[in-house]
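A.B. asks: Handing you a structure now.
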């Protein structure tokens with residue numbers, strides 16, 4: 001018989017199992033969603049990460065082939081062009097960063113072709129990607145600099161009491177809210193004039209989960225669930 | 001004490017590099033790679049047991065690190081743990097995704113655990129490691145071994161059950177009881 005004292009609370013067990021990598025399939029997806037929507041659970045995950053942290057010391061070092069660095073550099077260089085598509089596919093099918101960092105959220109920003117293009121303009125596309133906590137969650141954002149309209153297409157967002165809010169972070173590192181977006185499908189918004197200049201290759205976009213509000217928040221209350229570097233191509 | 005200072009200095013140095021990487025500094029990224037890639041490759045290799053797959057995973061991991069460096073929070077994790085966690089999760093994802101290249105050797109869990117122990121003895125430099133290992137030692141052998149194997153080989157419950165030829169429910173029960181005792185023991189310090 002199992003005595004009461006030999007069991008962890010369900011959430012504690014789930015947090016530890018997530019950290020150890022014991023979960024797969026639906027169980028893993030559920031745990032990752034919970035990490036996003038339930039701060040208490042997220043804290044339990046952090047605590048388990050800290051408990052097992054010393055185990056990382058035990059991995060023995062081993063030198064990778066010199067060609068690995070060259071391949072990484074190549075991928076970073078290609079990251080701003082069509083290599084992104086392949087990466088997107090790969091990330092969507094396979095990858096999850098979990099634990100303290102978690103998950104797989106790809107954020108694509110496309111500075112699309114402007115409807116009225118000046119003759120000197122060529123079609124420019126900017127792409128950013130990031131990993132977040134939820135498998136299959138994908139965000140695609142297109143921004144038209146001529147109209148200052150941003151179009152956000154979001155898929156795979158779990159049910160939470162909080163709402164997704166998009167932030168632009170310039171080189172000063174301060175997140176500025178672009179407002180809350182719909183939980184599913186396409187939302188469009190006009191980027192506030194003082195934030196437009198921030199949308200360049202040096203900036204990143206972040207998504208955080210915030211209390212629902214019609215007015216953009218002054219600053220995020222929680223960890224970003226997704227970050228994507230803007231790249232103009 | 002001097003060892004602690006040295007550890008602190010190394011941490012601060014690596015954290016500073018990650019922050020520079022977050023700002024898109026390629027040179028710092030290469031410096032960070034030179035400092036950490038052997039460790040991260042070791043993590044991938046342990047999980048995947050295959051050099052080619054591990055090199056692919058290592059590439060993926062560093063691309064993720066490059067893109068997510070801004071998420072590093074020195075208050076929540078040491079820099080090397082943050083990096084190694086990305087490598088471990090990337091390797092686990094690769095192992096479990098479609099073209100499963102897993103070539104798990106047939107070494108028994110017992111052998112695995114004892115091999116890891118000998119490495120460990122040289123590395124008990126931190127108090128946290130000392131407490132964790134003291135508490136792991138206090139577990140029943142089968143509880144300790146499933147937890148360690150899950151961590152070092154990146155096995156899911158299903159994989160563990162298969163590997164041990166033991167019903168899933170039994171494996172879960174070993175893990176959960178072990179985790180409960182581990183937590184209680186670590187809370188007691």
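The values are calculated or read from the model by the stated rules, or taken from the named source; none is laboratory data. Predicted model only: the values in this text are computed from it and were never measured. No Cβ is skipped: glycine too gets one built from the backbone with ideal geometry, and neighbour counts run over all protein chains shown.
A.B. asks: So, in the stretch B:160-189, how many residues would count as being in contact with a helix residue (DSSP H, G or I) (Cβ under 7 Å, 6 or more places away or on another chain), more than 8 Å from chain A (Cβ to nearest Cβ) and assigned to a helix (DSSP H, G or I)?
C.D. replies: 8
A.B. asks: Those residues that are touching a helix residue (DSSP H, G or I) at 6+ places or on another chain (Cβ under 6 Å) and outside any loop (DSSP other than H, G, I, E, B), I need them from the stretch B:135-151; list them, please.
C.D. replies: Matches in the stretch B:135-151: B:135, B:136, B:142, B:143, B:144, B:145, B:146, B:147, B:148, B:149, B:150, B:151.
A.B. asks: Given B:67, B:51, which one is within 18 Å of the chain's Cα centre (by Cα), without any contact (Cβ under 8 Å) to a residue 12 or more places away in the chain and either within 14 Å of residue B:94 (Cα to Cα) or crowded, with 21+ Cβ neighbours inside 10 Å (or both)?
C.D. replies: Exactly one of B:67, B:51 is within 18 Å of the chain's Cα centre (by Cα), without any contact (Cβ under 8 Å) to a residue 12 or more places away in the chain and either within 14 Å of residue B:94 (Cα to Cα) or crowded, with 21+ Cβ neighbours inside 10 Å (or both), namely B:51.
A.B. asks: Exactly one of (1) at pLDDT 90 or above; (2) within 11 Å of chain B (Cβ to nearest Cβ); (3) closer than 27 Å to residue A:155 by Cα is unmet by residue A:55. Its number?
C.D. replies: Against the list (1) at pLDDT 90 or above; (2) within 11 Å of chain B (Cβ to nearest Cβ); (3) closer than 27 Å to residue A:155 by Cα, residue A:55 comes up short only on (3).
A.B. asks: State yes or no: is residue A:13 modelled with pLDDT of 55 or more and at the interface with chain B (Cβ under 8 Å from one of its Cβ atoms)?
C.D. replies: Criteria met by residue A:13.
A.B. asks: Could you please give the count of residues in the stretch A:187-233 that are farther than 21 Å from residue B:66 by Cβ and in contact (Cβ under 8 Å) with a residue 40 or more places away in the chain?
C.D. replies: Qualifying residue count for the region: 17.
A.B. asks: Just wondering, is there one or more residues in the stretch A:39-51 that are buried (at least 21 other Cβ atoms within 10 Å of the Cβ), under 27 Å from residue B:33 (Cβ atoms), under 20 Å from the mean Cα position of the chain (by Cα) and more than 7 Å from chain B (Cβ to nearest Cβ)?
C.D. replies: No, the stretch A:39-51 has no match at all.
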